[in-house]
Structures are given as C-alpha cells and as structure tokens.
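Every number here is computed from the coordinates shown, using simple stated rules; none is lab data. In this text, all values refer to a predicted model and were calculated from it rather than measured experimentally. Backbone-built Cβ (ideal geometry, glycine too); neighbour counts: all protein chains shown.
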Amino acid sequence: MPKKQNFPSTTVIGSYPVFIPQALLTQHAAFSDEVEDPVESSIQLSVRDFLSAGIEYPSTGQTRDSFIRIFLDPEYVSGIEKHGSETIVTAKIARRKPIRLADVRTAKETIPAYYGLKEPVTDPYTLARNCRVQGATYDNLKDLTYAIAREIVRPELESIQEYVDYLQVDAPYFSVEPFKDYIVDLYEEMLSGLKVPIVLHVCGDTFSVFRELTKLKVDVISLDFTSSDRLADEIALRNFDQQIGLGCVSTSSPIVEPVKTISDVIRRVSSKVGENRIRFIHPACGERGLSLDAAYQKNVNLTLARNEVYLGEPQAAHSVSLEESEYDPNGYFLVQVDNQEQQIVVSFNSYDHLPLVRLQSSSGEKLISAIIDNKIISDTEYGKRHLGYVGYEIGKAETALRNKLPYRQDRPLSLPGIY
C-alpha cells in the first residue's frame with residue numbers, strides 16, 4: 001500500500017541507552033589508531049538499533065557527556081571552569097572547537113543514504129540556567145543566554161548542518177518557567193540563515209506555553225502528548241505555521257506500551273490537531289534513562305503504531321504448499337553446521353543427490369550473497385520461494401552456530417537436550 005500524502009516520519013529525540021560503561025563515554029583523551037574509540041562504536045550501535053526498530057530519522061544517540069555538560073565543557077569552550085558538578089563562567093566565553101561534529105559524521109556514515117539524520121543541540125537558555133557567573137563577566141541571565149547562543153550554539157549548528165536533514169534545539173526549561181519575551185528575538189538571530197529545517201523540542205507539559213512557542217521561527221514543534229489531551233485541545237484552538245512532532249511514547253516509564261495504546265494516542269492527537277500538521281511520530285523525550293531492551297521495543301511499537309494508523313492493518317502472511325512438480329527444477333539445498341570449524345556448510349544438490357555447489361562461511365549474509373551471485377536457483381516463481389526458504393534456514397543455522405545450539409534443517413531451534 002502506498003504511503004498517504006501526509007504520512008509522518010518516525011524519529012527519536014536524541015539520547016539512547018549506552019552500550020558501554022559511562023566512564024569510557026566521558027573520557028576525552030584522543031584515541032590512537034590502535035585503540036577503538038568507544039564512543040564512536042557506541043554511536044554506530046545506537047544508530048543501527050534505531051534503524052532496526054524502524055526509525056527513519058535517527059540521531060547519534062550517544063554523547064561524551066550529558067547534553068548540557070557537553071556544550072559547557074572547558075575542552076570545547078573557553079571562559080568555563082568545572083567545580084565538581086557546578087559549571088562556573090569565569091570569563092567571556094568562546095567556542096574553542098566543534099563539539100559534536102566528529103560524532104555526527106560517524107552517525108551520517110553509518111546510515112544508508114535513504115534515511116535522514118536529525119541531531120539535537122541544547123538550547124542556549126537551558127545552558128545559561130545551568131551556569132553560575134563569577135564576577136562581572138555578564139550582567140544577567142539574558143546577557144549570558146545571548147552570549148551562549150552566539151558563541152556556542154549558533155557555531156555548533158552551522159558546523160553540523162551539512163551532515164543532517166534536521167537540526168533540533170532542545171529547550172526543556174520552556175515548559176517549567178515563565179516564557180521570556182527576549183527568547184523570540186534570540187531565536188530569530190540564532191537560527192537565521194541556517195540551511196536545514198529546525199525542530200524545537202520541549203519536553204514536559206507545554207499546555208500553557210504552546211502559544212508562545214509558535215512565535216519562534218522554527219519548522220517543527222516537537223512535544224509530549226502522553227500525559228493528557230489538553231495540549232492537543234490547546235493546539236486545535238491556535239493558528240500557527242509550524243508542523244508538529246507527536247511524542248506518543250513515555251520515556252519516564254520502563255513499561256513498554258502496547259501498539260494499540262500508542263496508536264490510540266496518535267489517532268486522538270491527529271484528529272484534533274489535523275493529520276496534515278503531524279511531521280514526526282517520536283518518543284516523548286530522550287531514552288537514556290530506559291533499559292536498552294525497553295528503549296528498543298518502545299521504538300519498534302511506535303513504528304508499528306504509526307503504520308497501523310496511517311497504512312491500516314498489515315496483510316496476514318500465508319504459505320502455499322508446493323506439489324513435487326513445482327519444486328525448483330535445478331535441485332535442493334542441504335544446510336548443515338560444522339561446529340568444530342565454526343562454519344555453516346550449504347550444499348546445492350541435484351535430485352539424484354549429486355552436490356552441484358558447496359559453500360561455507362560463518363556469515364549467513366555472505367552465503368546468501370554467494371547463492372545469488374552464483375545463480376544457483378532457477379529464475380522461476382518457485383526458485384524465488386526456494387531462495388526465501390534457504391535464507392530462513394541459513395539464518396537459523398547462523399543463530400545456532402553463534403549460540404552453541406544444535407541445528408537441524410526444517411526443525412525449530414531448541415535448547416540442548418530438548419527435542
């Protein structure tokens with residue numbers, strides 16, 4: 001079924017559970033060619049998890065520190081000192097070098113070209129609220145906010161924009177404090193002239209501040225709709241130019257919501273806001289606080305729910321038993337596992353049991369590619385079904401090999417001693 005015209009994409013807000021110890025993530029020492037950068041490999045794993053779950057606009061998912069501390073790190077920003085957990089502004093601030101550029105490049109190189117990339121940068125007001133000014137460096141919070149916008153956030157947005165399809169600004173304080181009038185002018189200055197669309201993400205209850213958010217010159221306003229319907233009711237009353245990011249999966253609860261629960265949220269919000277206004281379907285906020293399995297499954301269910309709402313129920317799969325006269329005329333496959341050599345051995349035999357081709361590898365993907373490249377299977381409808389069958393069996397064999405399980409062709413995998 002083709003996509004509807006107003007078909008929202010799936011995305012994430014940014015953070016994802018770490019694959020490696022936090023102590024390694026926060027090490028800023030340069031890694032030599034002989035030592036793998038643990039952050040780089042963690043980004044690659046995060047991105048692959050996003051894609052596997054059906055996320056069409058992933059992010060890097062990992063940072064070398066929190067999304068606040070990383071943009072106020074003395075390694076990257078002069079005029080900043082760290083006193084324990086406290087960040088102190090001791091002089092006029094200036095960005096020393098790009099903060100996220102290398103890691104964004106890693107994510108970009110990891111995703112196929114037909115996926116997009118959306119990367120968050122922390123809002124300058126949020127960063128200013130997490131600093132203490134020492135001396136007469138900046139007169140007030142507004143002055144510090146403008147300085148951070150000009151010296152840190154704007155240069156960072158400019159440095160990564162050529163590698164992303166969307167830039168995202170994370171502004172959690174907008175939902176918990178009175179909205180400052182100068183934010184409108186600050187955002188216009190900070191975002192003016194950027195080449196890619198801008199997403200503003202504000203987590204929490206944004207019911208009372210939504211009207212103010214629409215004054216900001218961004219393309220998408222990304223919000224949390226999981227707590228109540230009153231935000232959707234508020235949006236339905238307003239006239240605005242932006243599209244909406246629909247946060248429909250909780251990131252504060254470890255419970256994985258069923259697909260139906262998520263699809264109900266999407267339907268309710270879409271019916272009030274309007275389907276044509278929904279640009280993204282995403283979790284309510286970052287997923288760093290969840291377990292890896294919970295975060296992954298929430299993203300899977302989010303994708304399934306999006307598809308159910310906009311594309312309808314999937315067709316039920318069915319199999320058709322083949323008569324003997326309908327078998328692949330070229331022959332049949334025998335798939336076996338050599339546990340001593342740690343290899344999967346695939347034989348393609350004629351019907352008088354003469355091995356025509358024998359292949360071996362520990363990689364199921366390489367075996368399938370070799371079968372296709374060698375044109376072993378006949379180019380018929382039955383040959384195509386045969387390819388699907390042997391791919392399924394090779395996948396089982398690879399799983400058995402890696403997990404030290406017994407493998408028997410045409411039988412389900414089982415634990416040792418269970419038949």
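In the chain, helical runs assigned H by DSSP with n ≥ 4 each contribute -39500 (n - 2.57); averaged across all residues and rounded to the nearest 500, the mean residue ellipticity at 222 nm is -10000 deg cm²/dmol. The simple Förster model, with R0 at 41 Å and r as the Cβ-Cβ distance, assigns GLU86 and GLU109 a FRET efficiency of 0.70. Counting only DSSP beta bridges with both residues in the chain, the antiparallel share comes to about 40 percent.
Considering the dipole of the chain built from charges on the beta carbon (Lys and Arg +1, Asp and Glu -1) around the Cα centre, which of THR303, LEU290, LEU186 is farthest to its positive end? Value computed over the given set: LEU186. The value of relative contact order for the chain, using C-alpha pairs under 8 Å at least six residues apart, is 14 percent. Rounded to whole Å, give me the distance from the Cα center of the stretch 349-419 to that of the stretch 199-260. Their Cα centres are 48 Å away from one another. Length gained on full extension, ILE372 to VAL133: 79.6 nm, using 0.36 nm per residue less the C-alpha separation. Placing unit charges on the Cβ atoms of the charged side chains and taking the dipole of the chain about its Cα centre, the candidate lying farthest along the positive direction among PHE280, GLY364, TYR115 is PHE280.
Within the chain, the cysteines lacking any other cysteine Cβ closer than 4.7 Å to their own Cβ are CYS131, CYS248. Going 7 Å from the Cα of ASP293 toward and past its Cβ, which residues in the stretch 239-259 have a backbone nitrogen under 20 Å from where you end up? Zone members listed by number: 250-259. Multiplying the residue separation of GLU341 and TYR392 by 0.36 nm and subtracting their alpha-carbon distance yields 16.2 nm. Note on ASP185 and ALA316: the extension gain reaches 41.8 nm, defined as 0.36 nm multiplied by sequence separation minus the Cα-Cα distance. The charge dipole of the stretch 324-402, taken about its Cα centre with unit charges on the Cβ of Lys, Arg, Asp and Glu (plus for the first two, minus for the last two), comes to roughly 220 debye.
Derived scalar couplings between HN and Hα for the stretch 331-341 equal x, 9, 9, 10, 10, 9, 10, 9, 5, 5, 8 Hz in order, rounded to whole Hz, by the Karplus curve 6.51 cos²θ - 1.76 cosθ + 1.60 (θ = phi - 60°), x for Gly and Pro.
Positive contributions from Lys and Arg (+1) and negative ones from Asp and Glu (-1), summed over other residues with Cβ under 9 Å from the Cβ of GLU151, come out at +4. Other residues within the sphere of radius under 11 Å centred on the Cβ of GLN168, judged by their own Cβ, net out at -4 (K and R +1, D and E -1).
The candidate values were (i) 5, 17, 18, 14, 12, 10, 8, 6, 5, 3, 1, 0; (ii) 4, 18, 24, 22, 14, 10, 5, 2, 0, 0; (iii) 5, 22, 27, 22, 16, 7, 1, 0; the one computed from these coordinates for P(r) over Cα pairs in 10 Å bins from 0, in percent carries the label (ii).
Between GLN409 and GLU381, take the C-beta separation as r, use R0 = 30 Å, and let me know the FRET efficiency to the nearest 0.05.
0.85
Checking the cross-link pairs LYS215/LYS298; LYS217/LYS298; LYS215/LYS272 against a 28 Å limit on the alpha carbon distance flags LYS215/LYS298; LYS217/LYS298 as lying beyond it. Would you give the gap between the C-alpha center of the stretch 171-194 and the C-alpha center of the stretch 49-96, rounded to a whole Å? Here the two parts' Cα centres lie 19 Å apart.
For the stretch 9-311, a simple Cβ point-charge model (Lys and Arg +1, Asp and Glu -1, everything else neutral) yields a dipole of about 480 debye relative to the Cα centre. Taking Cβ atoms as reference points and 12 Å as the exclusive limit, the residues near GLU212 contribute a net charge of +1, counting Lys and Arg as +1 and Asp and Glu as -1.
If you plug the beta carbon distance of GLU75 and GLU162 into 1/(1 + (r/R0)^6) with R0 = 30 Å, you get a FRET efficiency near 0.80.
The residue among LEU334, GLY391, THR380 whose Cα reaches farthest toward the positive pole of the charge dipole of the stretch 324-402, with charges on the beta-carbon of Lys, Arg, Asp and Glu, is GLY391. Between ALA236 and ARG268, the modelled label-to-label distance comes to 1.2 nm, taking each label 7 Å out from Cα in the direction of the beta carbon. Straight-line cross-link reach from LYS97 at under 26 Å between alpha-carbon atoms covers these lysines, not counting any fewer than eight positions away in the same chain: LYS82, LYS108, LYS118, LYS142, LYS195.
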